[in-house]
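A short worksheet on the structure shown next.
The values are calculated or read from the model by the stated rules, or taken from the named source; none is laboratory data. Every value quoted in this text rests on a predicted model; they were computed, and no experiment measured them. Cβ coordinates were reconstructed from backbone atoms using ideal geometry, including for glycine residues, and neighbour counts include every protein chain displayed.
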Amino acid sequence: MPPRRYSDAGQAFPIYITVVAGLLFLAFAYVAVGQAAVNRSGAQTAADAAALAAAQETRDQLAGQWVEDVLDPTKWQDIFDGNVPGLVDGCGRAGQLAGQNEAHVTDCAPPTGVPLQYTVTVETDKPVGDSIVPGTEDQHSTAHATAVIEPRCTFTPLGADAGDDVLPKLTCKDGIDWNLDPLHLTDLPGPEDLFDVHLAD
């Protein structure tokens, strides 16, 4: 009786199974990495939006205070520096924007420093989700962002001999000047003209 010969196909089958299993594992691993990346990206988007919202809330208050004190130029510099008593911090607004981006604020302090800035930390509401990586089903991404409030305008204080019918000229970015007439204050710069809000580098 001739010896039984085993085909090459039979020998290759276990190798084929091993290669397919390895490819499937890699595919699931890439999916897990993608899930985590999307979750982290969502967290960063929420943090950016929350920090900007908090800063814009404070910017609007500062601009409103400037309008209220527009006839008293001695108070302008303190307002541009953010040195205004009674400012309500914008952390509540930060929480609203974080919620709109499926996250919640875990840390937000009143603005500090010159220029004023907010640093907000958020955590995603949804976890990364099930994957081949253990523990991701309960893992939430966190991120933080800092938004800065900077004055866009400068002015030269008036001399002691200046009359009550004169106000300093505001020289603002983009080459825009505001020549203010205290007797005709119908056209005043808005919050976005007076202050710039942006994410810190």
Checked pairs for segment 172-184, first in contact (Cβ under 8 Å) with a residue 40 or more places away in the chain, second loosely packed, with under 10 Cβ neighbours inside 10 Å and assigned to a loop (DSSP other than H, G, I, E, B), C-beta under 7 Å and 6 or more apart or across chains, list as P182/D165
Scanning segment 46-88 residue by residue, the ones that are among the hydroxyl-bearing types (S, T, Y) and either modelled with pLDDT of 95 or more or crowded, with 19+ Cβ neighbours inside 10 Å (or both) total 1
Checked T142, T121 against criteria (modelled with pLDDT of 95 or more and either farther than 25 Å from W66 by Cβ or among the hydroxyl-bearing types (S, T, Y) (or both)); the one match is T121
Item checked: Flag for L199 being closer than 19 Å to G64 by Cβ, modelled with pLDDT of 90 or more and of a type in the set (A, V, I, L, M) -> no
By residue number, the members of segment 59-75 that are in a helix (DSSP H, G or I) and hydrophobic (A, V, I, L, M, F, W, C) are L62, A63, W66, V67
